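Let me begin by presenting the structure, written as structure tokens, before commenting on it.
Each value in this text was obtained by applying a stated rule to the coordinates, not by laboratory testing. If you're wondering where the values come from, they're calculated on a predicted model, not measured in any experiment. Virtual Cβ from ideal backbone geometry, glycine too; neighbours counted across all protein chains shown.
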Amino acid sequence: MKMPELRNRVNKEILKERLAAEAVERVTLSFYKYVKIDEPKALRDHFFMSWSALNCFGRIYIAHEGINAQMSVPKMHWDEFVNQLYSDERFTNVPFKIAVDGNGKSFYKLTIKVKDKVVADGISDPGFDPSNTGTYLDAQGFNAAIEDPDTIVVDMRNHYESEVGRFDNAFCPDADTFREELPLVVDHLKGQEDKKVIMYCTGGIRCEKASAYLKHKGFKDVNHLKGGIIQYAKEVKEQGLESKFRGVNFVFDERIGERITPDVLSSCHQCGKPCDTHVNCKNDDCHLLFIQCDECASKMQGCCTPKCMEIAALPLEEQKALRKGKLKSDAENLSVYKSRLRPNLAEMIKKQNNQRA
């Protein structure tokens, strides 16, 4: 008997419509654990069947080194979900980070993938021990450490994440991936191996590995924020602490960001007004991630340039036809741009409008 294909094949637009219409209360959470998994494919299939039955959504990566999960779980099935996960001794009492934004409209389907690593790090040194991590700091401890002028604060997230929110006086690497950040951070901190280093990321998983890497490179006093910004925001709220994190916490789901403080640290990439709302260009062939204010979103119909507006307005079949044979070297094909190398959208809009005048 042929096994059913354990993946969702329903059109994403239909799934998004279903999510918007459902009355189910959901919990958005994340969790991770570095733990030896001998058969990640078998575990992947087990989780897919179990969590599909509970109507869970999310994006989960499983590798021989562990698991990294961001999920949306119906409240009515929360206890069953926790009991199922904790019944596996490898994940008993794994801590959950519950999102500050509790609307639950974070994922529209369940995706579980087997990866070489749960966080791509680019590390090939056989002597590196990822379990030799730094010291955990809770929100109160992190706040105390950050107030010391001799403490070095490091943001272990990507450029587009720190652009809209970050801790005071943090070093924010100009990088698009974690594997790019590690050597940049080590190079930036060279000669300061004896200083106190505190690190942070979204949910803690990147800092867990980064702290071990810095210790491997000879840094003596390495610390990282337990549970990341997600847990920090929760503790700050519960304990009445001052939030040293300003702005928006970028998240990798349909919400894109959850606000931590009212501070707006960035500006619209099209008009320059203060704004910290990330969007993806409505032209699916572009899908450029950029910051767009409400006024520009209305004016540009959610697109990054006039050319993308024209393409996004075409019937779907015509859009698909245009993509055939399209060269990645096309100067106006914005899908080739990484976040920190994004084009000057204001200049492109001006140029394209002049060409159409």
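Inverting the pair-averaged 1/r between distinct Cα atoms of segment 12-114 gives 14.0 Å as its Kirkwood hydrodynamic radius. The base-10 log of I(q)/I(0) for the chain, evaluated at q = 0.13, 0.15 Å⁻¹, reads -1.18, -1.45 [Debye formula, identical scatterers on Cα atoms, solvent excluded].
Remark on residue 251: its backbone amide H falls under 5 Å from those of 256, 257, 258, a criterion applied only to residues 5 or more positions apart or on other chains, H modelled at 1.01 Å from N. Take each peptide in 163-176, 34-47, 264-277, count the other Cβ atoms within 10 Å of every residue, and average; sorted highest first, the result is 163-176, 264-277, 34-47. Mean residue ellipticity, 222 nm, helices only, the chain: the sum of -39500 (n - 2.57) across DSSP H runs of n ≥ 4, divided by residue count and rounded to 500, is -9000 deg cm²/dmol.
Relative to the Cα centre, the charge distribution of the chain, modelled as +1 at Lys and Arg Cβ and -1 at Asp and Glu Cβ, gives a dipole magnitude of about 1060 debye. Normalised by the number of residues in the chain, the average gap of Cα pairs under 8 Å and 6 or more apart makes the relative contact order 13 percent. When a/c is below 1.5 the answer is rounded, else prolate if a/b is larger than b/c, else oblate, so apply that to segment 135-239 with a ≥ b ≥ c taken from the square roots of the Cα gyration tensor eigenvalues. Oblate shape, in that a/c is at least 1.5 and b/c is the bigger or equal ratio. With contacts taken as Cα pairs under 8 Å at a separation of at least 6 residues, segment 189-294 carries a relative contact order of 17 percent. Entry note, segment 13-167: relative contact order of 28 percent, from Cα contacts under 8 Å with a spacing of 6+ residues. When only alpha carbons are used to place a centre, segment 106-155 and segment 27-68 end up 19 Å from one another.
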